[in-house]
Every structure is written in C-alpha cells, then in structure tokens.
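Written out below as structure tokens is the structure these notes cover.
The values are calculated or read from the model by the stated rules, or taken from the named source; none is laboratory data. Please read these numbers as outputs of a predicted model, since none were measured by experiment. Reconstructed Cβ throughout: ideal geometry from the backbone, glycine too, with neighbour counts over all protein chains shown. Calculation scope for accessible area: heavy atoms of the full protein, side chains included, ligands and nucleic acids excluded. Shrake-Rupley method; radii C 1.70, N 1.55, O 1.52, S 1.80 Å.
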Amino acid sequence: MSDIIQLLPDSVANQIAAGEVIQRPASVVKELVENALDAGASEIVIHIKDAGKTLIQITDNGCGMSPTDARMAFERHATSKISSANDLFCIRTMGFRGEALASIAAIADVELKTKRTEDEVGTLIHIIGSEVKTQEPVACSNGTSFSVKNLFFNVPARRKFLKANTTELKHIIYEIQHVALPNPEIKFSFFHNNASLYELPKTNHRKRVIDVFGKNINQSLVTVDEDTSLVNIYGFVGQPKFARKTMGEQFFFANGRYMRHPYFHRAVMQAYEKLLPPDTFPSYFLFMEINPADIDINVHPTKTEIKFENDRAIWQIIHAAVRESLGKHNVVPSIDFDQSGSIEIPVSQKGREDISFPGIQINPDYNPFNENKPVSAGGSSSFKPDRSNVKHWEDLYEGARTEGEEESVQQMGMKTSEDLYAQSAEQFVGKRVLQLKQKYILTPVKSGLMIIDQKRAHERILFERFMEVLKSESVASQQQLFPQTIELNPADTELLKNILSDLLSLGFDIREFGKNTFIINGTPGLLDVSSPEVIVEKLLEEYKNSPVDARLKAKEQVALSLAKASAIEYGTELKPEEIDHIIDDLFACSTPIFSPDGKKIVTIIPTEDIEKSFIK
Ligand code: ADP
Ligand code: MG
C-alpha cells in the first residue's frame with residue numbers, strides 16, 4: 001500500500017485553526033481591534049451590521065502596512081511582533097501568534113485597505129476563503145481598515161449555530177469593553193447598524209469606566225493603587241453597599257489584556273468577606289502591570305487565560321490591596337488596617353536568572369466546537385444560574401402527575417403530586433402561619449409542617465399572571481403621575497430596545513427619549529410599583545443573567561425576568577394577611593411547587609420526622 005499521509009493545504013489548515021481562534025463575530029472584533037492597538041492607533045472606529053453577521057469593519061489610524069506586508073499578513077504564523085522563541089517572554093503586544101488574519105480570511109470575505117504615512121498610495125487586498133481575489137494600489141488615508149463580510153460562509157455548522165443577534169451583539173459589546181477599559185488613552189467609536197453605541201473619547205481610567213458603564217457607577221467606585229516589586233495593581237472596586245443581586249461588572253487586566261482568573265477573583269471576593277449583603281456581587285476593575293517574563297499568555301489561542309508564576313503572592317497582594325482600599329473608605333472596620341500602606345509580600349523575591357521556561361499548557365477539555373463552553377465573554381459566564389436541575393424536575397414532575405395519590409407522607413418530597421399540595425393548601429386555611437427569617441413561610445398542614453420560599457412563591461404567582469396577560473392581550477397599564485426617565489449604558493439600551501415590545505404587551509409604557517434615555521409613563525397594572533426605574537434596571541439585570549440557551553421563549557423570558565425583578569425580596573417582613581394571600585395565590589397557580597426557573601418553592605417536613613427528632 002502506498003503512503004497515505006499528506007500535508008493539508010494551507011486553506012484547510014487555516015480553516016481548522018479558525019475553529020479555535022474565531023468562534024463567533026465577537027472573536028473577529030477582538031482580533032482586529034487588538035491588531036489596531038498593536039499598530040499604535042490612537043483612534044479606532046468599529047462598524048457592525050446585524051451583530052457582525054453582515055459586516056464587521058474596523059478602521060484605525062495606526063502604522064499601516066507596506067504592500068508586501070499587507071499580503072504577508074494573511075499567511076499563517078506571519079507576524080511582525082515576535083521573531084524568536086525568546087521574544088515569547090517579553091510580550092508587550094496583544095498579538096504574537098500570527099494566526100488571526102489567516103484564520104479570518106479562511107472563513108470569510110475580507111477586504112483590507114492600508115497605507116503607511118511614508119507611502120504615496122495604499123494597498124487594497126480582497127480575499128475570500130483564503131483565496132486572494134485582488135491586490136491593487138488604492139488611494140486611502142493613513143492606517144488600516146478591515147471589512148469582514150459573510151463570516152463562516154464555508155463553515156455552515158458555525159453559521160447555523162450563531163445565536164440571535166442580541167446574544168451575538170452582547171458578546172461583541174463584551175469584547176469592546178475588554179479592549180476599551182484598559183486603553184483609555186485611545187478613542188473608540190462603535191456603531192451597530194449605523195446607530196452609535198459607544199463614543200469613548202480619550203480620557204483617564206476612571207472616566208473610561210464611567211463612559212462605558214454609565215455615570216451611576218461613579219459614586220460606587222473606590223480607587224485601588226498598590227505598587228510592589230512583583231506587580232503594580234491599579235483600578236477600582238465597588239463599595240459593598242452598591243453590590244448587586246446579580247453579577248456586577250468584574251474585570252481583571254494584565255498588561256492591558258483582559259483575562260479571566262477565577263483564583264484571583266476569589267482574592268477579591270474574600271476581601272469583601274462579611275461586607276456584602278448575602279447573594280450580592282461587587283463590581284471591580286483591576287489593572288495589573290507585571291513583568292512579561294513572569295506570566296504565560298500562550299495558554300489558549302484566545303489568550304484570555306494567563307498563567308502567573310507567582311500567583312500565590314499576587315493573590316495576597318490583590319486581597320490586601322482591595323481590603324485596604326475598602327478600609328480607607330470606611331467600609332471595613334479600621335482595626336484591620338493598622339499596618340496601612342505596608343502590604344507584606346509573603347514570598348522571597350527570586351532572582352531573574354532562575355526563570356523557568358514556560359511550559360506549554362494544554363487544556364484536555366478544550367473543544368472549539370462545543371458551544372457550551374465558557375467563552376471569552378467576560379466574568380459573567382461563571383455566574384450563570386444553575387439550570388441543570390430544570391429538565392430533571394420536569395421529568396419527576398411529569399412522572400408524579402401520572403402516579404396515583406400517595407398517602408404516605410414519607411413518599412412526599414419530590415414525588416408528591418400536585419393534588420396533595422392542593423389538599424394541603426385547603427387544610428391550612430384558618431390555621432396559624434409564621435414567617436421565618438423574613439424568608440420562609442411556615443404553616444402546619446395535615447401531613448406535617450409546610451415551608452414555602454416567599455420570593456420564589458411570589459415569582460411563580462407573578463409569572464403566571466404575566467403569562468396570562470401575554471396570552472389574553474388585554475393589558476392594563478397604570479399611568480405614572482410623574483413619568484420617570486431612566487438613563488442606561490449603551491449595552492443596556494440596546495437590550496431594552498430589544499425587549500421593549502414585550503414589555504409593552506406586559507403593561508409597561510416605556511418610550512425612547514433621546515440617546516440612551518427612556519421615559520417610563522406607565523407600569524403593569526398588576527404591579528404595585530413605587531420606583532419604576534429600579535424595576536426596569538433589575539429587570540434588565542435578570543434578563544442579562546438568564547441563561548443564553550433558556551428553555552423559555554423570548555416573551556416568557558421577559559415575563560420571568562420581570563417576575564424575578566418585582567417579586568418580594570427576602571428580608572421583607574410580611575403581614576399575616578399578606579402571607580395568606582401568597583399561600584392562596586400560590587396554590588391557585590398551575591404549577592405551585594416549582595418556581596418558573598425550576599427551583600423548589602414548597603417543602604413539607606413530615607410529622608413523623610418531627611416526632612422522630614423527639615424520641616430521645
Ligand atoms: P498577530 O497579531 O498575532 O501578529 P495577525 O494575524 O493578527 O497576527 O496579524 C498579522 C500581522 O499583520 C501583524 O503582525 C501585523 O504586522 C499586521 N497587521 C495586522 N493588523 C494590522 C493593523 N491594523 N495595522 C498594521 N498592521 C497590522
Ligand atoms: Mg493579531
């Protein structure tokens with residue numbers, strides 16, 4: 001038999017590499033913007049159409065390329081940023097692998113226009129699926145402009161699995177935040193379908209955070225600034241009282257590069273220990289400067305994972321620096337800060353001569369075609385609510401419904417049929433009810449002690465009502481005496497615009513009112529809303545944090561987010577008659593046992609169990 005191994009043609013090799021580097025439109029934005037940064041641009045303009053599915057255009061005023069370089073740039077492993085393995089230990093640029101352009105050109109229609117200041121004319125190159133269609137001189141301004149169209153045209157599986165525009169746009173916005181935050185000296189303009197989403201002028205770090213996330217964030221930010229021989233840490237942490245129920249904005253950057261770092265994340269979270277109200281998350285924006293020789297960026301093609309040689313010491317430094325900043329602003333008891341200003345670094349400083357060669361790290365679980373893996377979409381992916389139980393409970397529930405009623409209380413728990421709960425509901429009428437820790441409602445029922453989670457119960461009640469409203473299309477809106485305006489950051493503005501029609505059908509009367517501003521004239525008649533703008537903000541927060549692959553349809557997702565945002569919070573004292581209402585309304589629901597997102601609302605401790613605990 002003849003030999004069977006052959007080298008893959010470049011176009012195929014590039015397409016394979018593209019699977020790792022370019023997962024979605026946002027990856028193209030990231031790579032091209034990073035190239036613009038590396039080219040020394042002071043101004044970057046990003047134009048996106050249809051969440052990147054139709055067009056991604058990035059224009060910079062950086063150094064530009066010569067005609068030969070412009071052509072070379074699309075070759076695999078072609079880079080101007082490193083030339084030897086040693087250079088890997090002093091990387092100051094965002095790119096160095098020389099893969100991005102080759103990958104993008106393998107799976108899209110790419111047009112490049114570029115000109116150096118010293119050249120009279122520029123170069124135009126048109127490449128489709130790794131094939132150069134034209135290369136010709138062109139009159140253009142200094143700098144570089146890439147237009148990417150028809151992304152994944154030859155990778156149907158990828159194209160098919162692109163998510164809804166809202167989701168893809170969300171990922172693009174995350175990528176832009178990741179490059180805009182650490183580079184406040186660079187001006188960014190970002191347009192989606194010709195509407196301006198970000199206009200970020202040259203400024204300082206603090207103002208950049210405010211420009212990106214809205215001016216409300218300003219009051220919550222406390223400065224962190226710590227210089228040590230190992231690492232310099234600068235940035236901001238949010239005061240605990242501004243911590244939010246859902247994921248805050250949490251960002252780490254190392255040498256200007258966004259990174260995900262669960263270990264360092266814990267250092268920050270521990271610094272907040274005992275300061276945060278339960279189930280809330282603080283925001284943080286921490287920029288670290290570190291000797292490039294002490295880190296390995298080359299862990300993953302997307303470079304969002306970084307290995308630190310002295311990660312334990314840095315953990316301590318981050319922890320101490322954050323705690324000190326919180327302390328200086330009187331949010332931590334001062335006793336912790338007797339040694340203010342002198343952070344002890346619990347490591348011996350190694351000499352530079354014993355630097356070890358960074359090993360190549362392989363993540364054996366990494367699968368570029370697995371759409372569910374955490375993507376470089378910011379810290380947010382790590383805090384998605386767990387929905388793994390959803391399918392599970394539905395199965396149980398379905399099973400339980402078809403089974404006959406079970407008299408034995410021991411068999412209740414998860415297997416209990418809806419009817420038994422309904423019976424329980426009847427039996428407590430007129431009996432005593434009690435609220436525990438302003439969180440649970442306790443009431444005796446025939447079979448034992450029933451415990452209801454008050455917030456989840458209310459979510460269920462509201463959700464079913466909202467769904468009724470959506471179905472019946474007879475919407476009642478309560479007009480506000482004093483319409484409220486609400487100013488949002490560009491990402492939230494986009495989100496609100498997307499779900500606006502669903503909110504209208506739920507009874508909101510919200511209209512756009514200038515750039516990033518909305519006016520709330522009315523709220524759903526079903527809700528007793530004292531501050532509509534807070535409800536809308538909470539609603540957006542809930543919606544953002546709902547899993548991308550939700551089993552619910554978009555409308556239901558909006559109803560669910562609204563239910564979660566407007567349900568009574570834990571910690572709310574309930575009057576006996578309010579408790580009665582909740583119990584009545586809950587058991588009038590079609591599915592009283594589980595919250596709309598599949599969490600248990602009701603449990604019963606059987607009398608037998610109570611009796612057993614008194615045996616001795
Ligand atoms: P890398 O960034 O890892 O070097 P890329 O494939 O992203 O690899 O880019 C290849 C090369 O093309 C870069 O090294 C750089 O020389 C050149 N290049 C890419 N984009 C630009 C740009 N916007 N301005 C100037 N040169 C660029
Ligand atoms: Mg690059």
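Which of the peptides 197-206, 106-115 is most tightly packed, and how do the rest follow, going by the mean number of other Cβ atoms within 10 Å of each residue? Please list the in-between numbers first.
On the way: 197-206: 16.0, 106-115: 23.7.
Final packing ranking: 106-115, 197-206.
Stretch residue 223-residue 517 to full length: gain in nm at 0.36 nm per residue minus the Cα-Cα span?
Full extension from residue 223 to residue 517 adds 103.0 nm.
How much net charge surrounds residue 523 when only other residues with a Cβ under 15 Å from its Cβ are counted (Lys, Arg +1; Asp, Glu -1)? Write out the running numbers ahead of the final one.
On the way: positive: 465, 511, 538; negative: 502, 509, 528, 533, 537.
Net local charge, residue 523 excluded: -2.
Checking the cross-link filter: which lysines have an alpha carbon closer than 16 Å to that of residue 599, excluding same-chain neighbours under 8 positions apart?
Leaving aside lysines fewer than 8 places away in the same chain, those within reach of residue 599 are 384, 391, 415, 439, 455, 564.
Suppose R0 equals 41 Å. What FRET efficiency, 1/(1 + (r/R0)^6) with r the Cβ-Cβ distance, do residue 530 and residue 81 give to the nearest 0.05? Kindly include the intermediate steps, with their values, before the conclusion.
Numbers: r = 56 Å, r/R0 = 1.36.
Approximately 0.15, to the nearest 0.05.
Please give the FRET efficiency for residue 50 paired with residue 133, using the beta carbon to beta carbon distance and R0 = 30 Å, rounded to the nearest 0.05.
Once the sixth-power term is evaluated, E becomes 0.80.
Of 303/538; 53/538; 160/538; 49/544; 446/612; 49/497, which sit over 28 Å apart, Cα to Cα?
On the way: 303/538 33 Å; 53/538 30 Å; 160/538 32 Å; 49/544 22 Å; 446/612 17 Å; 49/497 16 Å.
Exceeds cut-off: 303/538; 53/538; 160/538.
Rank these by accessible area, largest first, 1.4 Å probe: 451, 16. Let's see the in-between values first.
Working: 451 35, 16 105 Å².
Listed by decreasing accessible area, they come as 16, 451.
Counting only protein heavy atoms, what percent of the accessible surface of the range 74-185 is carbon or sulfur at a 1.4 Å probe?
Details: 2480 of 4960 Å².
Using a 1.4 Å probe with all protein chains present, the range 74-185 comes out at 50 percent carbon and sulfur.
Determine ³J(HN,Hα), in whole Hz, for all residues of the range 602-616 in sequence, where each value follows from phi through the Karplus function 6.51 cos²θ - 1.76 cosθ + 1.60 and θ = phi - 60°; x replaces Gly and Pro.
For the range 602-616, the Karplus curve yields 10, 9, 10, 8, x, 3, 3, 5, 5, 4, 4, 6, 9, 4, 8 Hz.
Can you tell me the FRET efficiency between residue 572 and residue 207 if r is taken as the Cβ-Cβ distance and R0 is 45 Å, rounded to the nearest 0.05? Display every interim value, and only then the final one.
Details: r = 38 Å, r/R0 = 0.84.
Step by step, r from the Cβ atoms, then E = 0.75.
Quick one: Cα centre-to-centre distance for the range 33-100 and the range 263-283, in angstrom?
36
Kindly report the accessible area of the range 426-529 per residue (heavy atoms of protein chains, probe 1.4 Å, no ligands, DNA or RNA), in Å². Spell out each step's value before the answer.
Details: 5240 Å² over 104 residues.
It amounts to 50 Å² per residue over the range 426-529.
If the only charges are +1 at each Lys and Arg Cβ and -1 at each Asp and Glu Cβ, what is the size of the charge dipole of the range 1-74 around the Cα centre, to the nearest 20 debye?
Working: 5 positive and 10 negative charges, 59 e Å.
Approximately 280 debye in magnitude.
Among 170/202; 30/187; 149/170, which pairs are too far apart, with a Cα-Cα distance over 21 Å? Please report the intermediate quantities before stating the final value.
On the way: 170/202 24 Å; 30/187 16 Å; 149/170 19 Å.
As for pairs spanning more than 21 Å Cα to Cα, those are 170/202.
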